[in-house]
Amino acid sequence: MLTATTTRTPDVPAAPAKAPGAPPRPSAVAAFHSVSAATTVLLALVAIGAAIHEPVLIPPLAASAALVHSAPALPLAQPRGVIVGHLIGMACGYAVLAAAGSSAWAAAVAAGLTLALLTVARTPHSPAVATAVVTVLQAPAPARFVPLLFGSTVLLVLTGYAGSRIRRAAPRYPAYWW
């Protein structure tokens with residue numbers, strides 16, 4: 001009678017994962033393209049804000065522009081995160097402002113609440129947390145601020161789309177729309 005024998009291989013530990021390290025340095029042309037596109041859209045946003053006499057959210061929108069133009073493949077840079085993320089941040093900011101007033105403590109709560117909702121909504125966009133903070137600390141008039149923020153985020157996404165089509169070697173933006 002023949003019996004099947006099984007051979008057991010000894011447990012071999014897996015090779016340690018190699019750390020990815022820093023990303024490769026972009027070419028001079030790619031760096032110039034990204035920086036000039038981000039700067040141009042930010043200057044346009046400042047011009048729009050000046051024309052309607054409404055301050056623009058430069059810190060969070062500058063961070064968004066950096067993601068869209070310099071790291072277009074990241075989930076943080078995708079249109080869903082940019083547009084919906086800032087709207088969630090703004091809504092959290094106004095909610096906390098209404099409930100607790102304008103203070104650094106309230107801004108910290110708004111930031112935490114925004115981060116939680118961004119996670120639940122699957123809309124990762126860290127600059128949107130800053131939008132909540134700025135909303136609490138500056139208490140902008142919603143009638144002017146909401147359309148300005150929405151339009152600004154759409155403009156950022158559209159310039160990212162256009163900029164990725166101008167230079168053939170540029171990574172295509174967005175990686176996904178929604």
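Annotations for the structure displayed:
- Any hit, the stretch 15-25, residues being assigned to a helix (DSSP H, G or I), at negative phi and at pLDDT 85 or above: no
- First in the stretch 119-144 and without any contact (Cβ under 8 Å) to a residue 60 or more places away in the chain, second anywhere and surrounded by fewer than 16 Cβ atoms within 10 Å (Cβ to Cβ) and in a helix (DSSP H, G or I), Cβ under 7 Å, 6 or more apart: Pro124/Pro75
- No other residue among Ala98, Ala91, Ala143 is closer than 29 Å to Ala50 by Cβ, outside any loop (DSSP other than H, G, I, E, B) and open to solvent by less than 70 Å² (accessible area, probe 1.4 Å) apart from Ala91.
- Applying a threshold of 9 Å to beta carbon distances and a minimum spacing of six or more residues, or different chains, the list of pairs starting in the stretch 161-174 at a residue that is open to solvent by 80 Å² or more (accessible area, probe 1.4 Å) and ending at one that is in a loop (DSSP other than H, G, I, E, B) and of a type in the set (A, V, I, L, M, F, W, C) reads Arg172/Ala73.
- Residue in the stretch 148-155 that is farther than 30 Å from Ala30 by Cβ and either open to solvent by less than 10 Å² (accessible area, probe 1.4 Å) or in contact with a Ser or Thr (Cβ under 8 Å, 6 or more places away or on another chain) (or both) present: no
- Some residue of the stretch 107-120 being modelled with pLDDT of 95 or more, touching a Gly at 6+ places or on another chain (Cβ under 9 Å), outside any helix (DSSP H, G or I) and open to solvent by less than 40 Å² (accessible area, probe 1.4 Å): no
- The listed residues are Pro79, Pro127, Pro171, and the only one of them that is under 22 Å from Val68 (Cα atoms), modelled with pLDDT under 95 and out of contact with any Cys (no Cβ under 8 Å at 6 or more places or on another chain) turns out to be Pro171.
- Looking only at the stretch 71-88, residues that are open to solvent by less than 10 Å² (accessible area, probe 1.4 Å) and of a type in the set (Gly, Ala, Ser) come to 3 in all.
The values are calculated or read from the model by the stated rules, or taken from the named source; none is laboratory data. Values in this document were obtained by computation on a predicted structure and should not be read as measured data. Virtual Cβ from ideal backbone geometry, glycine too; neighbours counted across all protein chains shown. Keep in mind that these areas ignore ligands, DNA and RNA; they rest on the heavy atoms of the full protein, side chains included. Shrake-Rupley method; radii C 1.70, N 1.55, O 1.52, S 1.80 Å.
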